[in-house]
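These notes concern the structure reproduced below.
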Protein chains: 2
Amino acid sequence: MSNGIRLGVVGATGQVGAVVRRLLVERDFPISEIRFFASERSAGTTLEFRGEQIVVEDAATADPSGLDVAIFSAGATMSKVQAPRFAAAGVLVIDNSSAWRMDPEVPLVVSEVNPHALDEAVKGIVANPNCTTMAAMPVLKVLDAEAGLERLVVSTYQAVSGAGLAGGEELLEQATAAVAQDAIGLVHDGSAVELPEPVKFPRNIAFNVVPKAGSIVEDGEGETDEEKKLRNESRKILELPELLVSGTCVRVPVFTGHSLSINATFREPISPARATELLADAPGVQLAEVPNPLEAAGADPSFVGRIRRDQSVPEGKGLALFISNDNLRKGAALNAVQLAELAAARLAARV
Amino acid sequence: MSNGIRLGVVGATGQVGAVVRRLLVERDFPISEIRFFASERSAGTTLEFRGEQIVVEDAATADPSGLDVAIFSAGATMSKVQAPRFAAAGVLVIDNSSAWRMDPEVPLVVSEVNPHALDEAVKGIVANPNCTTMAAMPVLKVLDAEAGLERLVVSTYQAVSGAGLAGGEELLEQATAAVAQDAIGLVHDGSAVELPEPVKFPRNIAFNVVPKAGSIVEDGEGETDEEKKLRNESRKILELPELLVSGTCVRVPVFTGHSLSINATFREPISPARATELLADAPGVQLAEVPNPLEAAGADPSFVGRIRRDQSVPEGKGLALFISNDNLRKGAALNAVQLAELAAARLAARV
């Protein structure tokens, strides 16, 4: 670990933190020193990294001085307090939570889409987008550059791991119970199978879809916070403050991999053939005949397919398409690591 | 069985046929004589009905004379040949397949939406809509009457039972295999769990979503036949030949219950409050805070909720909403039985 940067991982013991640790190894990230942080509860435990046992420090009390970059995946409450403390100690914070995303002094960055915005981190904090928004950005960026994006109608198919480890456990528990009772009974009558009570989601999630991902925002519009993030973060990342967005965020019984069904309207006509040609070369994007979360899980790109003319939009100015992406990798850990790589390259260039 | 009509059920041994038989009992359908028909393979078996054992006849060779009404749920190939033969014998055919839906001389009827169209069955054949389209019709009809429906953008969440009994078996087999291998491994990497090869669907369906329900139509537009049915059948049932529709039809790991995420645009403004008020009284519709297929399965109405302003449409002329409905009941068997009830009432009035 002699060459490279001094890196901190905050929330190292969590679901996204685990993927961050794996990606750092997989991508041969240039690290001269690594430190792991978590909440008080997990502090003191050890995590293996490249053959070494690293003791996890308490994020709330440890002195972060000496770190170059810290990747935070420990929730908004932790980030609100600790990100400024780390930044004040001279650490560039890359934050995975929603705490700082809409702060005008905090850039919201997708590595392939708006890396230049890293220069605007005047607070020493850079935000990583919501995982659902993230999946769509590398796709929409190239289409916007070609034809001028004006409107998005999005319905999502969001995996339970977007709700943390407990989400996956709840799906597995319910699915196991259903299968043990010969779930085929669900074909004719949902009540014929007894499922454990839902905890993490507002309805049972096994063999069901729950069209309310996130919590309803109390502004009278009836949208969830996930639906608002999709609008607000898309506008900020694509630098289209007037972009029209209507989202419906739905939880589905998928462990990992968020998907989006998108109808996009443009200022200029754009054919499915031209869109496909552009997307074939777009960074962070891979064409797929039938994009699906099971195949996207464990992979880096946003898979895009079913690219068609939106026949409800006149003059060839609409496209319909479907995207699947690993919400824990690009949707969270991978983009954070990519931003850290960009930061590391800048630090190396400065030396 | 002395009062009532002489009823035939064609495809009586299939998945929808079984629900038809159950509904006839549940709804105390007025029957003076019942006959069951199926393909040659199932002919000769017996099915119990109201305590009697009924021998299943071969639909291709039996003489249908004497029946008043026949409900067909035996697929398009069977309907294409046998529906005209039954109709020629004076039997009113209510057909669940896609064979006759777009024939201009065959009315396509949802019992609550356009019952008057029953009078236009000049060929002696009435068609039952596709189950996905069906779920939305009772909801969209009242909104169209109020504000003038102009455009629909729809993403679906379709249950495996829409693909027949084999669909449910495939989901159960894959889910059982995944659960036995501690499917939580799917959280980080889809390849960590070995699933049986997909047969009925183009990708694995357990813990996945497959954005290609139906087959791609070879007209260069890239839509599936399910997506085209949604457009064409909506136009015919709502009597809006110019209605703009873009659909993305997606299979999800749900046994029964189709759901639709809909963005609807209207000629006149319509508020979510007004839409909710209208839908509270609409026949065949039930308001739900979080409509979901598990709760819709085994029930009759189209459950509708998440009714919001579509913020991407100016002047309050757009709504976003979510619908779940039992695709085997209202989506197929129930509407067919309701049409048979309407026909029975007319026959009774004639006597």
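Structure data summary
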quantity	calculated
Single unsatisfied condition, A:ALA87 versus (1) touching a helix residue (DSSP H, G or I) at 6+ places or on another chain (Cβ under 6 Å); (2) surrounded by fewer than 24 Cβ atoms within 10 Å (Cβ to Cβ)	(1)
Checklist (1) in contact (Cβ under 8 Å) with a residue 40 or more places away in the chain; (2) over 21 Å from A:VAL113 (Cα atoms) applied to A:LYS236, failing item	(2)
Residue list for the range A:123-133, filter: of a type outside the set (Gly, Ala, Ser) and either modelled with pLDDT under 95 or surrounded by 19 or more Cβ atoms within 10 Å (Cβ to Cβ) (or both)	A:ILE125, A:VAL126, A:ASN128, A:PRO129, A:ASN130, A:CYS131, A:THR132, A:THR133
Meets criteria (assigned by TED's automatic domain parsing to the domain that holds B:LYS80, surrounded by 14 or more Cβ atoms within 10 Å (Cβ to Cβ), within 21 Å of the chain's Cα centre (by Cα) and not hydroxyl-bearing (Ser, Thr, Tyr)) for B:VAL16	yes
Identity of the residue in the range B:117-133, within 13 Å of B:ASN325 (Cα to Cα) and part of a helix (DSSP H, G or I), that ends up farthest from the other protein chains (Cβ to nearest Cβ)	B:THR133
Leading residue by the ranking (nearest to B:ASN128 (Cα to Cα)) among those in the range B:216-252 that are aliphatic (A, V, I, L, M) and over 18 Å from the mean Cα position of the chain (by Cα)	B:LEU240
Residues of the range A:134-170 satisfying the condition of being facing chain B (nearest Cβ under 8 Å), at pLDDT below 95 and buried (at least 22 other Cβ atoms within 10 Å of the Cβ)	A:SER161, A:GLY168
Tabulated pairs, the range B:168-196, first of a type outside the set (Val, Ile, Thr) and assigned to a helix (DSSP H, G or I), second at pLDDT below 80 and buried (at least 22 other Cβ atoms within 10 Å of the Cβ), C-beta under 6 angstrom, 6+ apart or interchain	B:GLY168/A:VAL187; B:LEU172/A:ALA183; B:ALA178/B:VAL193; B:ALA183/B:VAL193; B:GLY185/B:VAL193; B:LEU186/B:VAL193
Residue within the range B:206-224 that is basic (Lys, Arg), modelled with pLDDT of 95 or more and under 30 Å from A:THR176 (Cβ atoms) present	yes
From the options A:ALA336, A:ALA299, A:ALA332, A:ALA345, residue that is modelled with pLDDT under 95, closer than 17 Å to A:VAL10 by Cα and either small (Gly, Ala, Ser) or surrounded by fewer than 20 Cβ atoms within 10 Å (Cβ to Cβ) (or both)	A:ALA332
Single residue of A:PRO283, A:PRO293 found to be surrounded by fewer than 16 Cβ atoms within 10 Å (Cβ to Cβ), touching a residue at least 60 places away in the same chain (Cβ under 8 Å) and under 17 Å from the mean Cα position of the chain (by Cα)	A:PRO283
Search result, residues across the range A:306-323 that are of a type in the set (Gly, Ala, Ser) and within 11 Å of A:ILE262 (Cα to Cα)	A:GLY318, A:ALA320
Output for the range B:15-33, where each listed residue is under 12 Å from B:ARG329 (Cβ atoms) and not basic (Lys, Arg)	B:GLN15, B:VAL16, B:ALA18, B:VAL19, B:VAL20, B:LEU23, B:GLU26
Number of the exception - B:MET102 against (1) among the aliphatic types (A, V, I, L, M); (2) crowded, with 22+ Cβ neighbours inside 10 Å; (3) outside any helix (DSSP H, G or I); (4) not assigned by TED's automatic domain parsing to the domain that holds B:ASP310	(2)
Residue in the range A:5-22 that is polar (S, T, N, Q) and touching a strand residue (DSSP E or B) at 6+ places or on another chain (Cβ under 9 Å) present	yes
Subset of the range A:38-72 [outside any loop (DSSP other than H, G, I, E, B) and surrounded by fewer than 17 Cβ atoms within 10 Å (Cβ to Cβ)]	A:THR46, A:GLU48, A:GLU52, A:GLN53, A:VAL55, A:ASP58
The range A:202-223, residues that are facing chain B (nearest Cβ under 9 Å) and within 23 Å of B:SER271 (Cβ to Cβ)	A:PRO211, A:LYS212, A:GLU221, A:GLY222, A:GLU223
Any hit, the range B:7-27, residues being touching a His at 6+ places or on another chain (Cβ under 9 Å), among the charged types (D, E, K, R) and either modelled with pLDDT of 95 or more or under 19 Å from B:GLU341 (Cβ atoms) (or both)	yes
Check on B:VAL199, in contact (Cβ under 8 Å) with a residue 24 or more places away in the chain, of a type in the set (A, V, I, L, M) and within 11 Å of chain A (Cβ to nearest Cβ)	no
Cβ-Cβ under 7 Å pairs, at least 6 apart or on other chains, the range B:124-145 side over 12 Å from B:SER111 (Cα atoms), far side of a type in the set (A, V, I, L, M) and modelled with pLDDT under 95	B:CYS131/B:ALA332
Lone qualifier among B:VAL20, B:VAL56 - being within 14 Å of another protein chain (Cβ to nearest Cβ) and among the aliphatic types (A, V, I, L, M)	B:VAL20
Filter result (surrounded by fewer than 24 Cβ atoms within 10 Å (Cβ to Cβ) and either modelled with pLDDT under 95 or of a type outside the set (A, V, I, L, M, F, W, C) (or both)) within the range B:241-269	B:PRO241, B:GLU242, B:THR265, B:ARG267, B:GLU268, B:PRO269
Selection within the range B:224-257 - among the basic types (Lys, Arg), part of a helix (DSSP H, G or I) and within 11 Å of chain A (Cβ to nearest Cβ)	B:LYS228, B:ARG231
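The values are calculated or read from the model by the stated rules, or taken from the named source; none is laboratory data. Quantities reported herein were computed from a predicted structural model and do not represent experimental measurements. Ideal geometry is used to build each Cβ from the backbone, glycine not excepted, and the neighbour counts take in all protein chains shown.
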